[in-house]
Structures are given as C-alpha cells and as structure tokens.
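Here is the structure we will look at, set down as structure tokens.
The values are calculated or read from the model by the stated rules, or taken from the named source; none is laboratory data. Values in this document were obtained by computation on a predicted structure and should not be read as measured data. As a convention, Cβ positions derive from the backbone with ideal geometry for all residues, glycine included, and neighbour counts pool all protein chains shown.
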C-alpha cells in the first residue's frame, strides 16, 4: 500500500470539502466566542452552540461592509463556505456576510445571573473581607497540571520562598468543574489550614470559563469565612466569581503576585525601619545627654544660693526704695498738715479773742450779734481770751447803722 504525505492527505481532504456543493454556500447560526479583530483588519472567531464549535475567519474585504461590530457572546447568522486551512490542518468557515441573531445564550445567562446576585448584595464592597498582608498558608483550587499552577508556584517561591501552599486539585472546565471548585472552597473553610484561597484558571473561550459563572460556586465564595481571590482567564475576562470574590486578580500569575509580598523587599523595608528607628533613638539619646550636661553645668546647680543671694540683694534695694518713698511721703503730708493747721488757727475764734475781742452770749447761750436783741436788765456772759465773766445789760450807748441793710 502506498503511503501519503501529510500535505497530500490534507490536499485531498480539501478537494473533497471544496467540491461539496452544500459546503460551498451555506448559512450557519451560532454564538461568537474567542473574537479577535486583528490589526490587519481580519476577524477571527469561533461559532458555537451547545454541542459543537467551528473556527471562522472573515477577511477585511467582507467585514468592512458590515454595519455592526461583532462582540463576544453575540448570536449571529453567518453566510459563507467551508474549506480546509492546510497549514493548520483544520477546517474552518470562511464568512462572507454576518447578521445578528439576538443575544448569545451564554452571555445572556451571565448578565441575568450578574444582575440577580448584584441585587442580593453579593458584590457589595463593604462585605468583602481584607486579604492578609502576610498569610502563613495559601490554598489554591485549580487544575494540578498545566502551566497555570506551575507559574503560580514559581512566583510564590520567588517572592516568598518558605510560604506554605496547599493545592486542592479541581477541574476548571466542563460540567464537573463547578462541583469540584465548590468542594475545594468548602474543604479549606472546614480544615481552617490556610489564611487565603485562590481559585482560577488560564484564559479560554466563554464556554471554557463558564464553570466560574456557576451560581453554586458564587454562593460558596460568598459564604466562605476565608478570604477568596478570583483569578480567572486574562485581564479582559470577567466571571461571576470575580465579582463575588473578596479580590479579583486579572490573571492567576497576578494573584500570586498580589497574595504575598516579596520577601527580599520586606527584609529591606524592615532593615530600613530598623536603621531609621536606631538613628532616631541615638539622636534622641544624644540630645538628652547634651541637655543633662547643660543642666549639670548650670549655675543654678553649681551655685545654688547665688540666685537666692541675688534676690535678697534685690529685696534689700526695694526695701530701701520703699523707705525713701515712705519718708518723702511723710514729709510731704506733714508740710501739708502744718499748712492746714496754720489756716485753721487763723480762723479759730480763740485767736480772735487773744487780740482783745470778746464773745457776748445771752442766758440761753445764743451769741449776741445785734444790740437790738438786748433790753435793759438782761444778764449776759462775756467771753475773753483767758476766761469769761457775767454782766448786766443797762442800756445801749450807741447804735451803728445796720450794714446788712446798707
């Protein structure tokens, strides 16, 4: 039997496919996944339904005529032909036209579940638990094989070599994946052997990532007492678990970067803090020593009574000043008093009497100021400078004009 080369076999299959009339012009209904709009202008994507998937390409010449931009999860009707792509050894649909056919079922289910859980408050920021700054142990729920877990372990080993990692093996796609992911989260909550849990997988189509849009898994994350980090797909991929988790990492590798600090950086920071603290303490100690040295040489300590003597001297000076002020005030008041006494003496009736005047009083003691109040036979008392004597009024010898009347 003659053998064929791969190229010959591929060419033969391609000839069979290209010669089939049904495959040369047909319409296919499906949901877009893995959509990529290349910089060349060509569009690469897959069409899928519940049971199968086919790769598609739509060259720039054809997609330039479309009035809408295809999106991930969109349900569409594609017209074109099927052929074999020889370099890849795959068959694919070459799209020449595309029309939207409603919203993709998976995308619609995602949006509906998202709105439901958001209304329940499962995405609320205030209910999210903080991620430990330096966990003692990390639990990872993912596939135990493949590049994802190797990359995460390499990053964790590089950043913090002696960190303890516990892996719970789980499928990350397919119908069995949600139940296994849920069991992993519940295991770590019951065992209480880790401080934080990472669930995740690498990138893929929306159907590959669909287990992370399971409502049961969302509930397990929401009810977890251990903080959960969701690391599903690439940075542009979002899943329900991302919204419910306490922290979303754009990729599994990013989750490994976020969950632990770099040990060398941590050591350098601690050394910097140690140096800063030591420097501050030494500076404080130096200043206190200088302050104590300054106090010990202060005159108040070396000559404790000097200040007292100075104050005593100041007190003596103030006392002398007060005495001078007191004497000055006394002399001033004495002089004022002498002046007042002289004025008072000049106004005294006794002084007037000593000059030969007399005071005449009637028997009732009233002073005789006018001769008109006297009548013959009135007894009077005459007071002179050195005494007084009695007399009898006989008659008025002369009456002077009343000055008050003048």
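Structure data summary
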item	result
Where residue 31 falls short, out of the listed (1) under 52 Å from the mean Cα position of the chain (by Cα); (2) within 28 Å of residue 209 (Cα to Cα); (3) surrounded by fewer than 12 Cβ atoms within 10 Å (Cβ to Cβ)	(3)
Entirely in region 237-323, the helices (runs of 4 or more DSSP H) that have 1 or more residues that are farther than 30 Å from residue 136 by Cα and within 26 Å of the chain's Cα centre (by Cα)	none
Single residue of region 74-111 satisfying the filter (part of a loop (DSSP other than H, G, I, E, B) and modelled with pLDDT of 85 or more) that is farthest from the chain's Cα centre (by Cα)	86
Residue among 229, 197, 182, 175 that is more than 18 Å from residue 151 (Cα to Cα) and either touching a helix residue (DSSP H, G or I) at 6+ places or on another chain (Cβ under 6 Å) or outside the structural domain of residue 147 (by TED's automatic domain parsing) (or both)	182
Residue that is nearest to the chain's Cα centre (by Cα), among those in region 221-236 that are surrounded by fewer than 23 Cβ atoms within 10 Å (Cβ to Cβ) and in a helix (DSSP H, G or I)	222
Test: residue in region 139-152 that is assigned to a loop (DSSP other than H, G, I, E, B), within 24 Å of residue 225 (Cβ to Cβ), modelled with pLDDT under 95 and in the same structural domain as residue 247 (by TED's automatic domain parsing)	no
Selection within region 186-212 - outside any loop (DSSP other than H, G, I, E, B) and buried (at least 22 other Cβ atoms within 10 Å of the Cβ)	188, 196, 197, 198, 199, 200, 201, 211, 212
Residues that are touching a residue at least 40 places away in the same chain (Cβ under 8 Å) and outside any strand (DSSP E or B), drawn from region 21-49	23, 24, 25
Among the residues listed as 167, 131, the single one being within 38 Å of the chain's Cα centre (by Cα) and farther than 19 Å from residue 250 by Cβ	167
Odd one out for residue 32 among (1) within 14 Å of residue 106 (Cα to Cα); (2) at pLDDT 95 or above	(2)
Filter result (under 19 Å from residue 357 (Cα atoms) and either surrounded by fewer than 10 Cβ atoms within 10 Å (Cβ to Cβ) or not assigned by TED's automatic domain parsing to the domain that holds residue 365 (or both)) within region 376-388	386, 387
Test: residue in region 167-185 that is surrounded by fewer than 22 Cβ atoms within 10 Å (Cβ to Cβ), under 15 Å from residue 257 (Cα atoms) and touching a residue at least 40 places away in the same chain (Cβ under 8 Å)	no
